[in-house]
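A short worksheet on the structure shown next.
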Amino acid sequence: MARPIWNGAINFGLVTVPVELYSATEDHTISFRQFERGTSDRIRYKRINERTGEEVPYSDIVKGADIGGGDYVIIEPDELDAIAPGRSRTIDIDAFVDLDTIDPVHYQKTYWLAPAKEEYNRAYSLLLQAMAKTNKAGVATFVMRGKEYLTALRAGDGLLVLTTLLFPEDLRDPAKELKSLPEITPARGKELDMAVSLIDSMSEEWDPDKYHDTYTQRVEQLIEDKSAGREIVTEAEPAQPTKVVDLFDALSRSVEGRRKGRGESAGKPAESGKRRAADKGPDLADLSKAELDKLARDLDIKGRSKMNRDELQDAVAAAQSAGAA
């Protein structure tokens with residue numbers, strides 16, 4: 001069972017709700033150790049005193065702020081806590097805003113908030129249900145581990161969810177960072193209509209369960225193959241950029257391919273095509289590589305992690321045909 005990484009209270013108006021903060025996400029990235037090439041020698045990082053050359057324990061390390069000229073102001077951890085004793089224990093909601101008005105570029109990391117004790121469930125539940133009913137997010141600030149965070153509190157599925165936000169000063173100005181901003185040229189009427197049609201044909205309900213970290217799966221397979229001495233299979237190269245002169249043709253073929261995949265025709269509405277497609281199941285040509293990979297796992301197709309998209313499609317089709325027979 002996870003332990004809270006922060007304890008404090010939510011303040012909104014004159015209401016205070018003691019809560020505990022839990023991380024809602026975890027990193028599944030494969031961790032590697034570092035070695036010197038051609039040897040089995042590990043590379044390690046140590047906290048070394050540059051004057052004495054000796055290793056320093058973490059408990060003896062303090063922070064130093066550079067004030068220029070090679071001079072530093074030394075800051076102790078408890079001094080940082082002392083300048084904001086209350087703010088390091090409270091999440092102060094300053095205002096409620098429409099959830100949809102927060103630009104996703106500000107989102108950083110997500111946490112769960114739970115009532116610290118059962119006796120606080122009533123106030124916690126009230127805030128949760130009121131935020132769900134209004135579709136509002138509470139904008140708040142709090143201090144955790146010596147850093148101030150701007151946050152958005154919102155109603156989740158039976159829990160309050162806190163997402164840390166980037167401050168405006170944390171966001172870079174694209175005009176300063178890019179070599180040049182793209183010149184947006186007016187789209188041609190037919191091309192724009194065809195692009196909109198393609199977007200419409202690819203539109204669906206958001207379903208996060210359809211997506212998986214396939215790169216990590218390939219890394220795991222690479223490790224397994226190298227460990228077993230098997231041949232390493234290289235993934236197909238990415239597609240070439242579409243030439244401007246071929247843009248309309250590429251869009252047209254994309255839309256037509258989606259229609260065929262869904263069993264539609266030019267003279268029949270999309271909805272009837274969707275019903276027919278639902279009756280006979282998804283067209284494999286219409287599925288993404290992640291979707292095909294999921295089907296391949298369900299069908300227990302061996303060697304699927306080494307297959308590119310086209311190979312997965314062929315393998316799934318063969319397995320489905322064999323099952324139908």
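The values are calculated or read from the model by the stated rules, or taken from the named source; none is laboratory data. Here the structure is a predicted model, which means the values were calculated and not measured. Methodologically, a virtual Cβ is constructed for each residue, glycine included, from the backbone with ideal geometry; neighbour enumeration extends over all protein chains shown.
Summary table
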| read-out | value |
| --- | --- |
| Qualifying residue in the stretch 66-87 (condition: among the charged types (D, E, K, R), assigned to a loop (DSSP other than H, G, I, E, B) and either assigned by TED's automatic domain parsing to the domain that holds MET144 or touching an Asp or Glu at 6+ places or on another chain (Cβ under 6 Å) (or both)) | yes |
| Residues (surrounded by 13 or more Cβ atoms within 10 Å (Cβ to Cβ) and either more than 15 Å from the chain's Cα centre (by Cα) or assigned to a helix (DSSP H, G or I) (or both)) located in the stretch 98-112 | LEU99, ILE102, HIS106, TRP112 |
| Only listed residue being assigned to a strand (DSSP E or B) and not charged (D, E, K, R), chosen from LEU127, LEU150 | LEU150 |
| Positions within the stretch 130-147 being touching a residue at least 40 places away in the same chain (Cβ under 8 Å), part of a strand (DSSP E or B) and more than 15 Å from THR163 (Cβ to Cβ), in sequence order | VAL143 |
| Qualifying residue in the stretch 18-30 (condition: over 30 Å from LEU159 (Cα atoms) and either free of Cβ contacts under 8 Å to residues at least 40 places away in the same chain or small (Gly, Ala, Ser) (or both)) | no |
| Residue satisfying all of: in the stretch 49-65; part of a strand (DSSP E or B) and surrounded by 10 or more Cβ atoms within 10 Å (Cβ to Cβ); farthest from the chain's Cα centre (by Cα) among these | GLY64 |
